[in-house]
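Q: Have a look at the structure that comes next, please.
Read the figures in this text as sums done on the coordinates, not as results from a lab. All figures in this text were calculated on a predicted structure; none of them were measured in a lab. When we count neighbours, we look across all protein chains shown, and the Cβ atoms used for this are built from the backbone with ideal geometry, even at glycine.
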Amino acid sequence: MLPEGLEAAGCDELTSLGAHTARPRRRAVSFEADMACLYRLHLQARLPFRLLRQMARFPCHGRDDLYDGIRQALDWERWLHPSMTFRVDVTGAAPGLNHSHFTALQVKNALIDAQRDLWGKRSSIDLESPDLSLHLHLSRGEAVLSLDGSGGSLHRRGYRAAMGVAPLKENLAAGLIRLTGWDGNAPLVDPCCGSGVLLIEAVLMALQQAPGLDRGFALEGWADFQLDLWQQEQERARQRRKRNLELPPVIGFEEDPAIADQARSNVEAAGLNHLISIRTGNFTDQTLPEGPGVLVCNPPYGQRLGEEAELEELYRDLGNYAKARAAGWQLWLLSGNRNLTGALRLKAERRIPVSNGGIDCRWLHYKLLVKSAQKPAETFHH
């Protein structure tokens, strides 16, 4: 499961980590992987919200098919002891199964009946941190039962106690940086950095620091969990990190002192104090490092923060600043409001559709041209 708009980038990332036959779906990627690769993806993939492991498929044309199919889908004696908690998430629909909550209840009933037949006891439901997280998808007369190995959304990296007012999720930020092609070889500046997430994700990517190394996963409690293989993949992830990487300047500007402090807290929690600098103040008063470099920006859209008229000035200033101070640079800007983007007075080279928290956005790419010196007017004599 991925942020909408990052499906192709997700295919590239999963393939680079060893997945096979990756194909984009809507807000998802289907792929094949062995267990080592699945462990690797949980530890190292930056873009997914969740990774689902398909366990069973069966025809499903209604409640009875679902009940029977679930009971036979797995060896529940092995996978779900009554001492374990579980949760069920449902997407899609089938005849008589049009409401996800009702469908999840049918799955739960099938599992509890199976447990009572086996042990005379049943598991409890835990929506927050279950021992086994099940995902059911219904489509075209078929049910697919999967296990969720993450145990909580993978976008949560752990460095972000402090949230800005309208936070960008970490996996979306990582995907946006991936689309810029920034690889740590040029300065990177965010003129409206907010909580600093674009810069943090960019630097973590340049360091090849695995986002999943310092967290627990639901897959560690699976019946077929292979500890040796898991530890092998953890070590592989640790070895990839570039320990003494020297980066060009990575800088965030933030006008609001409280939000700038939040960004510094996040940078510190991510262990990147030595690589990212957060400066308090309006970007119009700030100088850029020697370029060319890359500007990345997620300014407010007028839907959650501030009103459109007030924000036009911000976008106008941003466009003027980019043209005057960042000639030869690239600018990537996440826009959720076409009217405001017009105030930049810049022509986008690329417009990549993405969804940010349900808002239809465009990740816009601008090349900021170096103005050529004007030729002096020629004089003609008769």
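Q: Taking R0 as 51 Å, what FRET efficiency do you get between Glu128 and Lys347 from their Cβ-Cβ distance, rounded to the nearest 0.05?
A: The pair Glu128/Lys347 has a calculated efficiency of 0.60.
Q: I need Arg27, Arg338, Arg264 ordered by Cβ neighbour count within 10 Å, fewest first.
A: Sorted ascending by nearby Cβ count, the order is Arg338, Arg27, Arg264.
Q: Another question, then. Can you work out the FRET efficiency for the pair His61 and Phe102, with r the C-beta to C-beta distance and R0 = 22 Å, to the nearest 0.05?
A: FRET efficiency, His61 to Phe102: 0.85.
Q: Follow-up question, since we're still on this one. Which of the three applies to region 228-271, rounded, prolate or oblate, going by the alpha-carbon gyration tensor with a ≥ b ≥ c and a/c under 1.5 meaning rounded?
A: oblate
Q: Let me see the pair-distance distribution of region 147-240: every alpha carbon pair, 10 Å bin width, integer percents in order.
A: Answer for region 147-240: a P(r) of 14, 40, 31, 13, 2 percent.
Q: While we're here: Taking only Cα atoms of region 7-148, what ratio of Rg to Rh do you get with Rh as the Kirkwood inverse-distance radius?
A: 0.99
Q: Another question about this same structure. Along the charge dipole of the chain, pointing to its positive end and built from +1/-1 on Cβ of Lys, Arg, Asp and Glu, which listed residue (Pro257, Ser139, Ala348) has its Cα farthest out?
A: Of the options given, the answer is Ala348.
Q: In a shell of Cβ-Cβ distance under 13 Å around Gly149, excluding Gly149 itself, what net charge do Lys and Arg (+1) and Asp and Glu (-1) give?
A: Taking every Cβ under 13 Å from that of Gly149, the sum is -1.
Q: Using the charge dipole of region 7-148 (Lys, Arg: +1 at Cβ; Asp, Glu: -1 at Cβ; taken about the Cα centre), state which of Ser124, His99, Thr21 has its Cα farthest towards the positive end.
A: Checked the options; the winner is His99.
Q: Mean separation of Cα pairs under 8 Å and 6+ residues apart, divided by the residue count of region 132-271: what relative contact order is that in percent?
A: Answer for region 132-271 is 33 percent.
Q: What is the dipole size for region 7-148, taken about its Cα centre, with +1 at each Lys and Arg Cβ and -1 at each Asp and Glu Cβ, in debye to the nearest 20?
A: The calculation lands at about 200 debye.
Q: Here is a further query. Relative contact order for the chain: what percent, with Cα pairs under 8 Å and sequence separation of 6 or more?
A: Relative contact order for the chain comes out at 15 percent.
Q: Pick the calculated percent of Cα pairs over 27 Å apart for this structure from [x] 60; [y] 50; [z] 56?
A: [z]
Q: If you add up the charges near Ala110, with Lys and Arg at +1 and Asp and Glu at -1, over every other residue whose beta carbon is less than 14 angstrom from its beta carbon, what do you get?
A: Residues close to Ala110 contribute a combined charge of 0.
Q: Taking only the alpha-carbon positions of region 1-59 and ignoring solvent, what does the Debye formula give for the base-10 log of I(q)/I(0) at q = 0.19 Å⁻¹?
A: Computed log10 I(q)/I(0) values: -0.61.
Q: Follow-up question, since we're still on this one. According to the square roots a ≥ b ≥ c of the eigenvalues of the Cα gyration tensor, what is the shape class of region 232-361, taking rounded for a/c under 1.5, prolate for a/b larger than b/c otherwise, and oblate for the remainder?
A: prolate
Q: Return Thr287, Thr85, Thr103 ranked ascending by Cβ neighbour count within 10 Å, so the fewest neighbours appear first.
A: By the 10 Å Cβ count, ascending: Thr287, Thr85, Thr103.
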